[in-house]
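Only the coordinates and a few stated rules stand behind these numbers; no lab work does. What you see is a predicted model; the values in this text were computed from it and never measured. Here Cβ is always computed from backbone atoms with ideal geometry, including for glycine, and neighbour counts include all displayed protein chains.
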Amino acid sequence: MHPSELALAPSPVASRIRSRLRTAGIIGFGRALPATVVDNGPIAERIGVEPAWITKRTGISARRRTVDGESLSDLAIEAGRDALAAARVNPAYVDAVLVATSSSDDVVPQAAPIVAGALGADRAMTWDVGLACTGFLAGLQQGAALIESGRANTVLLIGADVLGRYTDHDDRQTAALFGDGAGAAVLAPGGPATLGPVVIGADAQRDVLYIDRTENVVRMDGRHVYQEAVDNMERSCRELLELAQLGIEDIDLVIAHQANGRIINAVRERFGLEPDRVADYVGDLGNTSAASIPLALALAEQDGRLPTAGGHVLLTAFGAGFSWGAALVTYGRGTA
């Protein structure tokens with residue numbers, strides 16, 4: 001056989017892999033929030049401004065914060081348990097538990113094995129997903145790949161962060177931004193909400209948004225981050241829509257990373273969308289980092305805002321690194 005013919009000959013292994021390919025879908029959402037609510041009053045007093053100044057600049061009126069004795073793992077476990085119950089999945093049958101976080105309780109062990117053990121997912125593969133506020137989208141890409149390749153049937157993906165612990169409460173740029181929380185999704189073959197393309201990008205810009213090991217608090221150049229966030233979320237969304245052969249008019253709901261109200265509104269304006277087509281829960285939750293998209297998904301489902309058959313939800317995020325991305329969720333077209 002000529003080498004060129006050999007290159008075109010179907011591989012038995014490749015054929016078997018293709019035969020196992022399936023569409024990954026989301027079959028349940030969950031969420032968890034600390035009970036403690038911190039409104040703008042004490043923050044404004046500490047940084048020497050009026051509460052309305054914070055609301056005007058960020059769109060945030062309150063946020064949840066953990067207190068002593070509450071851990072990131074506690075929130076992740078609660079959100080995971082909620083999602084598994086919604087999906088009617090026994091934890092013993094979960095094949096992988098992924099926790100997207102930048103604020104795990106310890107350097108080691110990572111959060112995922114702690115969460116899996118507490119849930120009773122004793123046979124699951126476990127690992128944490130970094131990538132800051134883009135971590136949940138990266139986890140969607142990883143979880144979908146496991147399912148579509150046949151290496152897993154059920155994946156529990158949790159986004160959880162407690163950046164309130166890493167906030168400089170005297171820094172006007174960041175003191176009011178961050179809240180704590182967790183959101184979760186159960187992925188499985190097919191399902192009512194199937195995952196389409198996922199676009200992830202990155203650019204090495206360390207010194208404008210970071211937490212170093214010396215200060216251990218968030219440092220940010222707000223103006224630079226704002227412009228990069230809006231530009232890159234718009235670009236990744238347009239790239240994803242082209243891949244999916246859709247227009248923005250085909251999207252029922254956009255869920256952008258809930259960083260602050262100005263960024264959410266800027267993304268909305270770039271696409272000429274009416275406010276009711278863009279999720280905005282940042283006012284009561286603040287920026288919950290990797291938890292913001294799964295929290296918004298769970299809340300949108302609760303509020304009846306997720307579409308019915310044939311509808312589309314566009315997810316987009318931006319985070320430190322820089323990192324950014326977009327993902328498509330389509331309703332009513334799942335196939336196992």
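Using the Cβ of Phe322 as centre and a radius below 15 Å, the other residues enclosed give a net charge of -2, where K and R count +1 and D and E count -1. Estimated from helical segments only, the mean residue ellipticity of the chain at 222 nm is -10500 deg cm²/dmol, where each DSSP H run of four or more residues counts as -39500 (n - 2.57).
Largest mean-square fluctuation among Val278, Val108, Val97, in a Gaussian network model of the chain whose springs join Cα atoms under 10 Å apart, belongs to Val108.
When Arg31, Arg88, Arg262, Arg46 are sorted by how many other C-beta atoms sit within 10 angstrom of their C-beta, beginning with the fewest, the order is Arg88, Arg46, Arg262, Arg31. How charged is the neighbourhood of Val107? Take every other residue with its Cβ under 15 Å from the Cβ of Val107, and add Lys/Arg as +1 and Asp/Glu as -1. So the surrounding residues net to -2. In summary, the convex hull built on the alpha carbon positions of the stretch 154-282 has an orientation-averaged projected area of 9.6 nm². Listed by Cβ neighbour count within 10 Å, with the fewest neighbours leading, Glu274, Glu215 appear as Glu274, Glu215. Within the chain, the proportion of C-alpha pairs whose separation exceeds 24 Å stands at 53%. Sorted ascending by nearby beta carbons within 10 Å, beginning with the fewest, Trp53, Trp324 become Trp53, Trp324.
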